[in-house]
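The values are calculated or read from the model by the stated rules, or taken from the named source; none is laboratory data. Note that this is a predicted model, so its numbers are computed, not measured. When we count neighbours, we look across all protein chains shown, and the Cβ atoms used for this are built from the backbone with ideal geometry, even at glycine.
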Amino acid sequence: MKYISLLGATGSIGIQTLDVIRNNPEQFKLVAISAGKNIELVRKILLEFKPEYVSVQYKEDYDKLKIEYPQGFTFGYGSEGLMEAAVYHKSDILLNSVIGSVGLNPTLEAIKEKKTIALANKETLVTAGHLVMTHAKENNVPIIPVDSEHSAIYQCLQGEKLSSVNRLIITASGGSFRDYKREDLKNVTLEQALSHPNWSMGSKITIDSATMMNKGLEVIEAHWLFDKPYEKIDVLLHRESIIHSMVEYDDSSIIAQLGTPDMRVPIQYALTYPDRFHFQTENRLDLAKIGQLHFEEMDFERFRCLEFAYEAGKRGGTLPTVLNAANEVAVHAFLSGKISFLSIEDLIEKALARHTTIKNPDLETIQDVDAETRVYVNSLT
Ligand SMILES: NC(=O)C1=CN([C@@H]2O[C@H](COP(=O)(O)OP(=O)(O)OC[C@H]3O[C@@H](n4cnc5c(N)ncnc54)[C@H](OP(=O)(O)O)[C@@H]3O)[C@@H](O)[C@H]2O)C=CC1
Ligand SMILES: CC(=O)[C@@H](O)[C@H](O)COP(=O)(O)O
Ligand SMILES: [Mn+2]
């Protein structure tokens, strides 16, 4: 039996993780959760899974949770609650699926407590990848990716030497606007942007996918997870999202991981690694039915956020922190109807241009730069 702490239990990845736990009751026990504002769903999770520790965003919401739970539970809230859920004493694994760089501190604390980290929260690695990976190495803690592309690469690397890798090839669906010209992007609506062709995900990542920032964040995430220079990480447009990513080795062989787009597969793999459990689905991949897969080169002028991410990653220091914080604020402003779709990249470009990078930042510096960038970008919205 593995004991699990789940951050972001009420989100897209959180709900799918609960499904994996529900389908494997002999293998997994949910012991701690965190959520934001969706208290109705937290109540349902409490009734079904009976976690011992529950944290939500606001203290006041405790009253709304007060109904009869025979098992009882410990309550926490805010950033401290998030941290307590992450390091809950009975958990073996932290599955971090909170959204945004708010996931950084709980990840670092859980590493200190030697919890295995199953990481969906990519913003944590973008904003402070060097700190997370160094802490993980020092504490001998595995970071197992949940993000589909990184799970794919992780799977393609099993039994191989990282030193034999020539390049990582991250696939991209192209997002909601993959067939739009740049000119057409001026007047796109929120509803159009939220309509992803292949995946059903939370709203922030769906917008990231439409701007192609999701792929930019994933390039930086791959750099830290697999210790490869940016020159060795490519992005390939692949509209079907069937090949989740690939690794090219020195002998020119390419190993790929394929499957129908269903995040429960990488979630389950991260929780069962190094084992593989049966996955109940009506929807196994049938390549004969699909017939064809398509691949195209990325257009960096069309998808400027991808260019920004490569640039910020290569220059390093605090620039990825700025990239991530500016993107979080800009996407939130777009989701709130305050700015247009193309303003997202304009705001990120402005935030990056005014920042002088600080090399090897410590946690405090990262937090300061993150906060300062948010104030600046908010002032422009
Ligand atoms: N969705 C997907 O398929 C994929 C997602 N990812 C990554 O996984 C992470 C989660 O994405 P996704 O599940 O789509 O996101 P969602 O927006 O669906 O869920 C986010 C979760 O975080 C909680 N939350 C939000 N803000 C706070 C806060 N300030 N404090 C505490 N909890 C908070 C939300 O609570 P509530 O709803 O209760 O307010 C919710 O439980 C992201 O980093 C994303 O990039 C990676 C690959 C695929
Ligand atoms: C499911 C997942 O991992 C997402 O990050 C997904 O990859 C988004 O798709 P694109 O960014 O390729 O559109
Ligand atoms: Mn992904």
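Considering the range 125-134 alone, what residues qualify as being surrounded by fewer than 19 Cβ atoms within 10 Å (Cβ to Cβ) and either of a type outside the set (A, V, I, L, M) or over 22 Å from residue 364 (Cβ atoms) (or both)? Give the derivation first.
Looking only at the range 125-134, we keep the residues that are surrounded by fewer than 19 Cβ atoms within 10 Å (Cβ to Cβ), and these are 130, 133-134.
130, 134 - these are the residues of the range 125-134 that are surrounded by fewer than 19 Cβ atoms within 10 Å (Cβ to Cβ) and either of a type outside the set (A, V, I, L, M) or over 22 Å from residue 364 (Cβ atoms) (or both).
Which ones in the range 50-73 are closer than 19 Å to residue 87 by Cβ and not in a loop (DSSP other than H, G, I, E, B)? If you could, list the steps in order and put the result at the bottom.
Taking the range 50-73 first, the residues closer than 19 Å to residue 87 by Cβ are 51-57, 73.
Within the range 50-73, 53, 54, 55, 56 meet the criteria.
From the list 328, 296, exactly one residue is touching a strand residue (DSSP E or B) at 6+ places or on another chain (Cβ under 8 Å), surrounded by 12 or more Cβ atoms within 10 Å (Cβ to Cβ) and not hydrophobic (A, V, I, L, M, F, W, C). Which is it? Spell out the reasoning first.
Numbers: 328 fails: touching a strand residue (DSSP E or B) at 6+ places or on another chain (Cβ under 8 Å).
The match here is 296.
Of the residues 170, 207, which is within 12 Å of ligand 3 (Cβ to nearest atom), under 22 Å from residue 99 (Cα atoms) and outside any loop (DSSP other than H, G, I, E, B)? Write out each step before concluding.
Values: 207 fails: within 12 Å of ligand 3 (Cβ to nearest atom).
None of the other options fit; the residue is 170.
List pairs: first residue in the range 243-270 and touching a residue at least 60 places away in the same chain (Cβ under 8 Å), second residue assigned to a loop (DSSP other than H, G, I, E, B) and among the charged types (D, E, K, R) anywhere in the structure, Cβ distance under 8 angstrom, at least six positions apart or on different chains.
That search, which allows pairs on different chains as well, returns 247/160; 249/160; 255/160; 266/147; 269/276.
Of the residues in the range 1-35, how many are acidic (Asp, Glu) and outside any helix (DSSP H, G or I)? Please lay out each step first, then the result.
Here is the first cut: in the range 1-35, the ones acidic (Asp, Glu) are 19, 26.
Next, from what is left, pick out any that are outside any helix (DSSP H, G or I): 26.
The total comes to 1.
So, in the range 303-338, exactly how many residues are more than 17 Å from residue 223 (Cα to Cα) and basic (Lys, Arg)?
2
Within the range 115-163, which residues are within 13 Å of ligand 3 (Cβ to nearest atom) and assigned to a helix (DSSP H, G or I)? Explain how you work it out, then say what you get.
If we filter the range 115-163 for residues that are within 13 Å of ligand 3 (Cβ to nearest atom), which is where we start, we get 119-123, 125-126, 145-154.
122, 123, 125, 126, 148, 149, 150, 151, 152, 153, 154, listed by residue number.
When you go through (1) assigned to a helix (DSSP H, G or I); (2) over 19 Å from the mean Cα position of the chain (by Cα); (3) within 16 Å of ligand 3 (Cβ to nearest atom) one by one for residue 256, which number turns out not to apply?
Evaluating residue 256 over (1) assigned to a helix (DSSP H, G or I); (2) over 19 Å from the mean Cα position of the chain (by Cα); (3) within 16 Å of ligand 3 (Cβ to nearest atom) leaves (1) as the failure.
For the subset of the range 3-17 comprising residues that are among the hydroxyl-bearing types (Ser, Thr, Tyr) and more than 16 Å from ligand 2 (Cβ to nearest atom), which member is surrounded by the fewest Cβ atoms within 10 Å (Cβ to Cβ)?
Step one: list which residues in the range 3-17 are among the hydroxyl-bearing types (Ser, Thr, Tyr), which gives 3, 5, 10, 12, 17.
When the remaining residues are screened for being more than 16 Å from ligand 2 (Cβ to nearest atom), the result is 3, 5, 10.
Details: 3: 17, 5: 29, 10: 22.
Checking each candidate, the answer is 3.
Can you find a residue that is touching a Ser or Thr at 6+ places or on another chain (Cβ under 9 Å), among the small types (Gly, Ala, Ser), modelled with pLDDT of 95 or more and closer than 26 Å to residue 133 by Cα anywhere in the range 219-234?
For the range 219-234, residues touching a Ser or Thr at 6+ places or on another chain (Cβ under 9 Å), among the small types (Gly, Ala, Ser), modelled with pLDDT of 95 or more and closer than 26 Å to residue 133 by Cα: present.
Residue by residue, here is whether (1) touching a Lys or Arg at 6+ places or on another chain (Cβ under 8 Å); (2) aliphatic (A, V, I, L, M); (3) within 14 Å of residue 95 (Cβ to Cβ); (4) within 16 Å of ligand 3 (Cβ to nearest atom) holds:
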residue: 1; (1), (2), (3), (4): yes, yes, no, no
residue: 4; (1), (2), (3), (4): yes, yes, yes, no
residue: 9; (1), (2), (3), (4): no, yes, yes, no
residue: 37; (1), (2), (3), (4): no, no, no, no
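Kindly indicate whether residue 215 is away from ligand 3 (no atom under 11 Å from the Cβ), in a helix (DSSP H, G or I), within 14 Å of the chain's Cα centre (by Cα) and charged (D, E, K, R).
Values: away from ligand 3 (no atom under 11 Å from the Cβ): no; in a helix (DSSP H, G or I): yes; within 14 Å of the chain's Cα centre (by Cα): yes; charged (D, E, K, R): yes.
When the stated conditions are applied, residue 215 does not pass them.
Of all residues in the range 239-276, count the ones that are more than 12 Å from ligand 2 (Cβ to nearest atom) and either of a type in the set (D, E, K, R) or not assigned by TED's automatic domain parsing to the domain that holds residue 198 (or both).
5
Here's the yes/no breakdown for (1) out of contact with any Leu (no Cβ under 9 Å at 6 or more places or on another chain); (2) touching a residue at least 60 places away in the same chain (Cβ under 8 Å); (3) not small (Gly, Ala, Ser):
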site	(1), (2), (3)
1	yes, no, yes
30	no, no, yes
34	no, yes, no
43	no, no, yes
63	yes, no, yes
66	yes, no, yes
77	yes, no, yes
89	yes, no, yes
106	no, yes, yes
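Among (1) over 17 Å from residue 99 (Cα atoms); (2) outside any loop (DSSP other than H, G, I, E, B), where does residue 359 come up short?
So the condition that residue 359 fails would be (2).
Residue-by-condition table, conditions (1) touching a helix residue (DSSP H, G or I) at 6+ places or on another chain (Cβ under 8 Å); (2) within 28 Å of residue 221 (Cα to Cα):
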{"residue": "25", "(1), (2)": "no, no"}
{"residue": "48", "(1), (2)": "yes, no"}
{"residue": "59", "(1), (2)": "yes, no"}
{"residue": "64", "(1), (2)": "yes, no"}
{"residue": "69", "(1), (2)": "yes, no"}
{"residue": "101", "(1), (2)": "yes, yes"}
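Regarding the range 85-96, can at least one residue be identified that is buried (at least 18 other Cβ atoms within 10 Å of the Cβ), within 13 Å of residue 4 (Cβ to Cβ) and within 16 Å of ligand 2 (Cβ to nearest atom)?
Yes, the range 85-96 contains at least one residue that is buried (at least 18 other Cβ atoms within 10 Å of the Cβ), within 13 Å of residue 4 (Cβ to Cβ) and within 16 Å of ligand 2 (Cβ to nearest atom).
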